[in-house]
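Student: One structure, pasted below without further comment.
The values are calculated or read from the model by the stated rules, or taken from the named source; none is laboratory data. Quantities reported herein were computed from a predicted structural model and do not represent experimental measurements. All Cβ positions, glycine included, derive from the backbone under ideal geometry; neighbour counts span all protein chains shown. Quick note on the areas: whole protein, heavy atoms, side chains included, nothing else; ligands and nucleic acids left out. Shrake-Rupley method; radii C 1.70, N 1.55, O 1.52, S 1.80 Å.
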Amino acid sequence: MFISHIATVEIPVSNLERSVAFYVEVLGVKVEFKGEKNAMLSFQAKGVPTIFLVETEDRKSLSFSNSHNGVEHSIIDFYTQSLEEFHHWLQVKNIEVGPLNINEEHGFGGFGFKDPDGNLLSACN
């Protein structure tokens, strides 16, 4: 087997400075490298993918529609132990968030939120 894990997730952004500030504040990542038109962000944890922000004029945002039920899905889910608290914190920061969905039987769930370019991200527990 040649591949052992995901190394990097690349995300298109229209304004690198604004996006770096968003991802650092919201996800708590560290800037490993920042060039003129791209930046490598890290969670500083072994085995966890880095995030590579690439400034582009391509206006496609990351998400897709489930053709079976119409639900818009994110490409990337971020894990948090504090799902409800994170949801509330994002709302207080005026970040666009979707409804908090938690399964009452087992307590697992998630919600979507958008970065400054409308890329749909999500958080789950």
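Student: For the stretch 110-120, in order, what is each residue's ³J(HN,Hα) by Karplus, 6.51 cos²θ - 1.76 cosθ + 1.60 with θ = phi - 60°, in whole Hz (x at glycine and Pro)?
Tutor: Running phi through 6.51 cos²θ - 1.76 cosθ + 1.60 with θ = phi - 60° gives x, 6, x, 8, 10, 7, x, 9, x, 5, 7 Hz.
Student: May I pose another question? What number comes out for accessible area per residue over the chain if the probe is 1.4 Å? Units Å², please.
Tutor: 66 Å²
Student: Stretched out fully, how many nm does the piece from Glu104 to Glu17 gain, at 0.36 nm a residue minus the Cα gap?
Tutor: On the way: separation 87, 0.36 × 87 = 31.32 nm, distance 3.97 nm.
Full extension from Glu104 to Glu17 adds 27.3 nm.
Student: Let me know the charge dipole size of the chain about its Cα centre in debye, to the nearest 20, where only the beta-carbon of Lys, Arg (+1) and Asp, Glu (-1) is charged.
Tutor: 280 debye
Student: Can you tell me the relative contact order of the chain? Whole percent, Cα pairs under 8 Å, sequence separation 6 or more. Write down the numbers at each step before the final one.
Tutor: Working: 216 pairs, mean separation 27.3, N = 125.
Once normalised by length, the contact order is 22 percent.
Student: Another question, if that's okay. Which one, (1) 16.1, 46; (2) 15.1, 48; (3) 13.8, 43, gives Rg and Dmax of the Cα atoms in Å as derived from the coordinates shown?
Tutor: This structure yields the entry labelled (2).
Student: On to the next question. For the stretch 52-60, just list the computed ³J(HN,Hα) in residue order, Karplus coefficients 6.51, -1.76 and 1.60, θ = phi - 60°, integers in Hz, with x standing in for Gly and Pro.
Tutor: So the Karplus estimates, Gly and Pro as x, are 10, 8, 10, 6, 8, 8, 5, 8, 6 Hz.
Student: Return the single residue from Lys114, Lys60, Lys93 with maximal mean-square fluctuation; model: Gaussian network over the chain, springs between Cα atoms under 10 Å.
Tutor: Highest fluctuation among the options: Lys93.
Student: Over the chain, with a Gaussian network built from C-alpha contacts below 10 Å, which listed residue (Gly98, Gly70, Gly110) shows the highest mean-square fluctuation?
Tutor: Greatest mean-square fluctuation among the candidates belongs to Gly70.
Student: Using a cut-off of 15 Å between beta-carbons, work out the net charge of the residues near Ser122 (Lys and Arg +1, Asp and Glu -1, Ser122 not included).
Tutor: Spelling it out: positives minus negatives among the neighbours equals -4.
Student: What ³J(HN,Hα) values, in whole Hz, does the Karplus curve 6.51 cos²θ - 1.76 cosθ + 1.60 give for the stretch 87-95 when θ = phi - 60°, with x put for Gly and Pro?
Tutor: These are the phi-based 3J(HN,Hα) values: 4, 5, 4, 5, 4, 4, 7, 6, 8 Hz.
Student: How much of the accessible area of the chain, in percent, comes from carbon and sulfur atoms when a 1.4 Å probe is used?
Tutor: Its accessible area is 52 percent carbon and sulfur atoms.
Student: Then there is this: With an 8 Å cut-off on Cα pairs and a minimum separation of 6 or more residues, tell me the relative contact order of the stretch 74-123 in percent.
Tutor: Reported as a whole number, the value is 42 percent.
Student: Quick check: Cα centre of the stretch 1-36 to Cα centre of the stretch 64-119, how many Å?
Tutor: Spelled out, the Cα-based centre of one part sits 19 Å from the other.
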